[in-house]
Amino acid sequence: MGEPGRSDEAGLTPPRDGRPWLAGTLSALTIIEVVQLVFTSLKSGVLRLSFTGPGGASAGQRRHRRSLYFREGQLAFAASSEPCDRLGPVLWRAGLLGWEALARCSAQVGPGRPLGQVLVDAGVITSADLYAGVTAQVREILFEAFLDTEGEFLFVEGPHDELNQVRLPERTRELLLEGLKRVEETERLLAVVGGRGARLRRAGDPPAGASEHTLRLLEALEGSATFAEAADQSRLGLLAALREAVPLLEAGRLVRAGPAAAEPEIEVAVEPAPAPVATRLTGPFELYRRIFRRVHAALAAARPGAERRLDSWFERVPEPRRFVFEGVRFGADGDLDVARVVANVTSTGAYRGAAAKARSLEGLEELLTFALFEVKNVLPRAEAELLLREVGKMQVGKA
């Protein structure tokens, strides 16, 4: 696979046994973009992630890790070093057990006796609850990874131990869409709270009938913890903690205790250009642009004029999604202004930063699906199969 950048400083060492790999930093590709690449190329392997919070290690941020396991592009399992991602907190947040029961059963965990087994043996949850909890845990690890913006990644292609593999009800595309929604919600709620570095304190007694989630968050906010630190300490995780905190803040049950630490913004770099096709983006956007040029050229060579049929797709895009491709058409050489796609998505105000990039990639993937459909319709079968294989290699950096 390609190599946007090495990640040795994070301890994510590429394999030396010949397996294909892709590594880089989250300043080059977001996690959503990397997962999109794995999904569209139908790859099996493990995506290892090493994160630091805003400010990095120099600001004293704790490094943490997550691993996402894929089988033919579909998420099959996940692991994390984060306490919030462990099975117990996930079951607790899902309402399958109380905090007291979790603490009691956690004390009985030992070698050969994992928490899930203890909980089922004690009758706290059923075996069906445990399986549902494990699948929820896999999803939550993925979604929490989407919220991290600083660190490194390493994807190593190849088979992996499938002993713990689960079958998620959602496909990877659906998970990406849900992840987008969570990123957007998180950014919106963080703006209300004052950012991850905000410090909040309780004003008065907890509200009557406060849930365990609320009480845990209020307890974690005591002292000098930042909001992000309190989200970890409460075992709620960032988004769940925000969902608890914002109503409390708006009701005056929480107040800001001091200025928030500076919150780095996620920007989409779009260079201004006088002509629509002149603007460029790097990473997966440049990859889509190269693929479209190759497909366009193959259609033109096979049947003059056939390449113009690609533009017909823009007229048939459903109205709710048409804004993505407003003013975008194929150039005479097959060039496509991918930066215009991102600008269109961003201009709505509904998507920002990584969410805007991911929504744009989703639109480009829909267009590519149509373009490859045209390839199979226009080219002789043998030539079409060769081109489809070439596109597949391009998607994983082998061409």
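Key figures for this structure:
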read-out	value
Using alpha-carbon coordinates, inclination of helix 31-40 to the longest axis of the chain, degrees	50
Computed label-point distance, nm, for sites LEU42 and HIS160 using a 7 Å Cα→Cβ extension	2.0
Highest to lowest packing among 328-341, 110-123, scored as the average C-beta count within 10 Å	328-341, 110-123
For GLY151, distant residues with modelled amide H under 5 Å away	LEU26, SER27, THR52
For the chain, calculated [θ]222 nm from helices alone, where every DSSP H run of n ≥ 4 adds -39500 (n - 2.57)	-14000 deg cm²/dmol
Using θ = phi - 60° and Karplus 6.51 cos²θ - 1.76 cosθ + 1.60, couplings along region 343-352 (whole Hz; Gly, Pro as x)	4, 4, 5, 5, 5, 6, x, 7, 10, 9
Rounded tilt (10° steps) of 353-378 against the dominant C-alpha axis of the chain	40
Kirkwood hydrodynamic radius of the chain, Cα pairs, Å	23.1
Estimated vicinal HN-Hα couplings, Hz - region 138-149 in sequence order (Karplus 6.51, -1.76, 1.60; Gly, Pro = x)	4, 4, 5, 4, 4, 5, 5, 5, 4, 7, 8, 10
Whole-Å semi-axes of the ellipsoid equivalent to region 195-258 (Cα gyration tensor, √5λ, descending)	15, 13, 10
Karplus (6.51, -1.76, 1.60) ³J(HN,Hα), θ = phi - 60°, over region 84-97, in Hz, Gly and Pro reported as x	5, 8, 6, 4, x, x, 5, 4, 5, 5, 7, x, 8, 7
Inter-probe distance in nm under a simple model that places probes 7 Å from Cα toward Cβ, at ARG243 and SER211	0.7
Stretch gain in nm, segment ALA382-GLU326, where the contour uses 0.36 nm per residue and the Cα spacing is subtracted	16.7 nm
Dimensionless Rg ratio for region 276-395, taking C-alpha atoms and the 2.2 N^0.38 Å reference	1.04
Angle between the chain longest axis and helix 284-302 axis [Cα atoms, degrees, rounded to 10]	30
Region 297-341, Cα convex hull volume normalised per residue, Å³	70
Where Cα atoms sit under 25 Å apart: lysine pairs in the chain separated by 8 or more or lying on different chains	10
Lys/Arg +1, Asp/Glu -1 at C-beta; region 184-224 dipole; positive extreme among LEU215, GLY197, THR186	GLY197
Leading residue at positive end of dipole, the chain (Cβ point charges), from GLY88, ALA78, GLY331	GLY331
Extension gain (nm, one decimal) between ASP121 and ALA103, 0.36 nm per residue minus Cα-Cα	5.0 nm
Built amide H within the under 5 Å cut-off of SER44, gap 5+	GLU72, GLY73, GLY158
Under 5 Å, built H, 5+ apart or other chain: amide partners of LEU254	ALA203, LEU249
Selection from ALA145, ALA103, PHE373, by position along the positive dipole direction of the chain (Cβ)	PHE373
Extension reserve of the ALA28-ARG293 stretch, reckoned as 0.36 nm per residue once the Cα distance is removed	93.1 nm
ARG201/GLU286 FRET efficiency (R0 41 Å; Cβ-Cβ; nearest 0.05)	0.30
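All of the numbers you see were taken from the coordinates with simple rules; none came from a lab. Remember, predicted model here, so these are calculated numbers, not experimental data. Cβ atoms come from the backbone with ideal geometry, glycine included; neighbour counts cover every protein chain shown.
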